[in-house]
Amino acid sequence: MKKSLLIKMLVMALVLVSVLTLASCFDSTPGSLENIGDEYKNRKDSEGLVFKEGKDGDGNKSYSVTGLGECTDKVVVIPEKYNGAPVKRIANKAFSETDIEMAIIPESVDTIAHHAFAGCESLKQVKIPDSVESLGSDAFSGCIALTDLYIGKSLKEIGKSAFEGCTALTGIYISDTVESVGASAFAGCSGAKKIVIGKAVTKIEDGLAAA
């Protein structure tokens, strides 16, 4: 085996051990992070959002939210249904580089696509619900005001650079279902003070927390 390959494997092992050791310093439960957005549970769904019709995995009618449209809400409440069909997806760049402060994501959503919230510099808190199975690359990259993050109990893989550059992020909870964390997923998250990593994580790619 080549020396360079051995060195790379050693570095990866050290990264994994150091991150898991850090996680063990904190409680194994998400605590208040799980309650993000609860105060908005009974808030009226936002109006003016843009939707696109599609099909879910079973061929049934569903919708993706594709943009803010005429919505001016700072706290965006995404509806569970639109025109009687479930809202299943937050599309590529749906809210990227907008000035929203929070997005309430319903349990109907199973996919948050690439760059969905990238560059939302006013976004402060995010709760990814238990229904979400797929989180695309750069989904929340550049959200410099984001302080708290909860990742739900269905997600298995966090895409590369998903939260890169979220410098204000102080709390991170990764559930026990997540198996893989992509390259540079939390790169530049220099303010993180509480990190809880689930027991199922077996793969952390290069550059997880690179500056």
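Descriptive notes on the structure:
- Each residue in the range 76-105 was checked for being over 20 Å from Ser131 (Cβ atoms) and open to solvent by 10 Å² or more (accessible area, probe 1.4 Å), and 6 pass.
- Reported count of residues in the range 119-130, each being at pLDDT 95 or above and either open to solvent by 10 Å² or more (accessible area, probe 1.4 Å) or closer than 17 Å to Leu155 by Cα (or both), is 3.
- Residue pairs meeting the criteria (Cβ under 8 Å; at least 6 apart or on separate chains; first part of a loop (DSSP other than H, G, I, E, B), in the range 163-178; second acidic (Asp, Glu)): Glu164/Asp138; Leu169/Asp148; Thr170/Asp148; Val178/Glu157
- Residues that are over 23 Å from Thr98 (Cβ atoms), open to solvent by 20 Å² or more (accessible area, probe 1.4 Å) and of a type in the set (S, T, N, Q) within the range 139-179 comprise Ser154, Thr177, listed in sequence order.
- Subset of the range 180-211 that is surrounded by fewer than 20 Cβ atoms within 10 Å (Cβ to Cβ), among the hydroxyl-bearing types (Ser, Thr, Tyr) and outside any strand (DSSP E or B) - its residue that is modelled with the highest pLDDT: Ser190
- In the range 35-67, the qualifying residues are those that are over 16 Å from Ala103 (Cβ atoms) and of a type in the set (Asp, Glu), and the one that is least open to solvent (accessible area, probe 1.4 Å) is Asp56.
- Given (1) modelled with pLDDT of 95 or more; (2) more than 21 Å from Ser131 (Cα to Cα); (3) surrounded by 12 or more Cβ atoms within 10 Å (Cβ to Cβ), index of the condition Glu70 fails: (3)
- Taking the numbered list (1) hydrophobic (A, V, I, L, M, F, W, C); (2) within 11 Å of the chain's Cα centre (by Cα); (3) within 24 Å of Lys74 (Cα to Cα) in turn, Ala168 passes all entries but (2).
- Subset tally (residues that are closer than 14 Å to Phe163 by Cα and of a type in the set (S, T, N, Q)) for the range 88-123: 1
The values are calculated or read from the model by the stated rules, or taken from the named source; none is laboratory data. Not measured: the values here are computed from a predicted model. Glycine also receives a Cβ, built like all others from the backbone with ideal geometry; neighbour counts cover every protein chain displayed. We work out accessible area using only protein heavy atoms, side chains counted, and drop any ligands, DNA or RNA first. Shrake-Rupley method; radii C 1.70, N 1.55, O 1.52, S 1.80 Å.
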